[in-house]
1. If you put +1 on each Lys and Arg Cβ and -1 on each Asp and Glu Cβ, how big is the dipole of the chain around its Cα centre, in Debye rounded to 20?
2. Using just the helices of the chain, give the 222 nm mean residue ellipticity in deg cm²/dmol: DSSP H runs with n ≥ 4 each add -39,500 (n - 2.57), and the total is spread over all residues, rounded to 500.
3. Across the stretch 25-38, in residue order, what do the Karplus-derived ³J(HN,Hα) couplings come to in whole Hz, using 6.51 cos²θ - 1.76 cosθ + 1.60 with θ = phi - 60° and x for Gly and Pro?
4. How far apart, in nm, are two points set 7 Å out from the Cα along the Cα-to-Cβ line at Arg64 and at Glu45?
5. Which loop-located GluC sites (Glu not before Pro) does the chain contain, where loop means any DSSP state but H, G, I, E or B and the Cβ has at most 11 other Cβ atoms within 10 Å?
6. Averaging the inverse of every distinct alpha carbon separation and then flipping it gives the Kirkwood radius. What is it for the chain, in angstrom units?
7. Name the residue from Gly44, Tyr69, Thr24 whose Cα lies farthest towards the positive end of the charge dipole of the chain, charges +1 on Cβ of Lys and Arg and -1 on Cβ of Asp and Glu.
8. List the trypsin sites (Lys or Arg not before Pro) within the stretch 30-79 that DSSP assigns to loop and that have no more than 12 neighbouring Cβ atoms inside 10 Å.
Amino acid sequence: MENLIRQVLKEIGEDPDREGLLKTPHRVAKAYDFLCAGYKQDAGEIIKGAIFEEEEHEEMIVVRDIELYSLCEHHMLPF
């Protein structure tokens, strides 16, 4: 991915070899790896036995304050 980021920098008229951008391809690749890490996870493995049937209650269980990181599919920018 780093080579692709270098190419993007070139396409927008930047010099990826200038001092301020030398580590940018690596940083961007790490950021995308973090933001897209969920694609490498198995949801079934994460929730394991958290889904269960309880006949005595019909209320919904709500879990709040879950951190979510994603990318806009149209602009590939984080939200």
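1. That gives a dipole near 860 debye.
2. -9500 deg cm²/dmol
3. Working through the residues one at a time gives x, 5, 5, 5, 4, 5, 5, 5, 4, 5, 5, 9, 4, x Hz.
4. 3.2
5. On the way: sites: Glu2, Glu11, Glu14, Glu19, Glu45, Glu53, Glu54, Glu55, Glu56, Glu58, Glu59, Glu67, Glu73; in loops: Glu14, Glu53, Glu54, Glu55, Glu56, Glu58, Glu59, Glu67, Glu73.
Sites meeting the loop and neighbour criteria: Glu53, Glu54, Glu55, Glu56, Glu58, Glu59, Glu67, Glu73.
6. 16.3
7. Toward the positive end, the furthest listed residue is Thr24.
8. Arg64
Every read-out reported here was derived from the displayed coordinates using simple, explicitly stated rules and does not represent laboratory data. Quick caveat, the model's predicted, so the values are computed rather than measured. Note that we place each Cβ from the backbone using ideal geometry, even for glycine, and neighbour counts take in every protein chain shown.
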